[in-house]
Amino acid sequence: MARSSRTSVASLPTQTGRSGSVTPIPMAVPGTFTTTASSASSIEHSDWLKKSCPTKIPPRKAKSRDTVTGRLVPSKSSSSSHLLPATSRSNDSPKNNLSQALGQLGSTEWEITVDGFGILSRLLRHHQDYIKSELPTINRTAILHLSNLRTQVTRAACLFFEDLFVNLGKSMEQDCEKIAEKLLDKTADTNKFIRDASMAALEAMVKHVTPAKAITPLENYGSKHRNTVVRATTAHVTRVLVEQLGPERVLHQNPNKLLPMLIKFLQEGSLETRTHAKLALASLVVHGSFESTLKRHIPPSTLKNVEKTISSIKNDVRD
């Protein structure tokens, strides 16, 4: 006789109630789901949580592809690159805050120093006159922190100089050369955040000070630097400056310095440096006076070495 697949009630575990009656305890059969009052309540609570507190997946940070290296990098809009948010409140007592910030920059505690840079950035946005009154002292102290052993302090100093160049512009020209040299050194730092912050500060410099002041540290220091990375950075910043000025101003106001730098970068061993030089020259070769200006400022022997490269740039622009 075939054995029954059902489990008899007698074989089930039992429990005895207060009245003495014996009732079997329901057991879940594999492959089935038994709903009890407590489980039903749990399901209802779970459904309510899902409706009232839906799970949200945070959006991924947008990335863009670098035009020179081809690598994916976080977009500037998705990364926090400033000491303060754009909606920061003004200082209640700017004079006292300035004294406090200068004192904090001399602290041996890195958190206090970084907070001091934050106070100065807030003053810079809302009370520029107080910053200008102590600008030489502020610049001198901030330059020292570009060599700080704490990466957080060094990055804060780079970000602060970016804010200074953006907000004060030509007022920064007195110490522009010293600041640029230190920032150029930091573009070869092993810390990516410091490299990015120093690069942003240099770009802000070439965009907000007069071209002559911006070119001087790039020509005298950056283009002659021993470090390949620093020379590549100098080529990048020079390209930004060339694009900022446009062909007319480059070829008629600053050709004696910019053109020799670009031709020198064009002969560099680093592909990144050569690429920046090509991109800068691509914006100049379309100008009618490019050939004549180039011959006036570049020796014939050097022109002969880059003649094919310049012809290739022209063909690329035409295509």
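The values are calculated or read from the model by the stated rules, or taken from the named source; none is laboratory data. All figures in this text were calculated on a predicted structure; none of them were measured in a lab. When we count neighbours, we look across all protein chains shown, and the Cβ atoms used for this are built from the backbone with ideal geometry, even at glycine. Accessible surface areas use protein heavy atoms only, side chains included; no ligands, DNA or RNA. Shrake-Rupley method; radii C 1.70, N 1.55, O 1.52, S 1.80 Å.
Treating each Cα of region 216-260 as one equal point scatterer and applying the Debye formula with no solvent, the log10 of I(q)/I(0) at q = 0.24, 0.29 Å⁻¹ comes out as -0.82, -1.04. Region 285-319 and region 107-149 have their alpha-carbon centroids 45 Å apart.
Among 228-235, 311-318, how do they line up by average Cβ neighbours within 10 Å per residue, starting with the highest? All intermediate terms of the calculation are to be shown ahead of the outcome.
Details: 228-235: 22.8, 311-318: 12.5.
Sorting 228-235, 311-318 by mean packing, highest first, produces 228-235, 311-318.
For the pair residue 127 and residue 229, label points projected 7 Å from Cα toward Cβ lie 3.9 nm apart. Panel note: the C-alpha atoms of region 146-291, placed on their principal axes, show extents of 50, 35, 20 Å (largest first).
Label-to-label distance, residue 174 versus residue 102, with points set 7 angstrom from Cα along the beta-carbon direction: 1.3 nm.
Pairwise over distinct Cα atoms, reciprocal of the mean inverse distance: report the Kirkwood radius of region 168-220 in Å, one decimal place. All intermediate terms of the calculation are to be shown ahead of the outcome.
Working: mean 1/r = 0.0902 Å⁻¹.
Result for region 168-220 stands at 11.1 Å.
With R₀ set to 30 Å, the beta-carbon distance separating residue 137 from residue 216 gives a calculated FRET efficiency near 0.85. Quote the relative contact order of region 108-227 in percent (integer), defining contacts as alpha-carbon pairs under 8 Å separated by 6+ residues. Reported relative contact order: 25 percent. When the surface is traced with a 1.4 Å probe over the full set of protein chains, residue 243 keeps roughly 100 Å² accessible.
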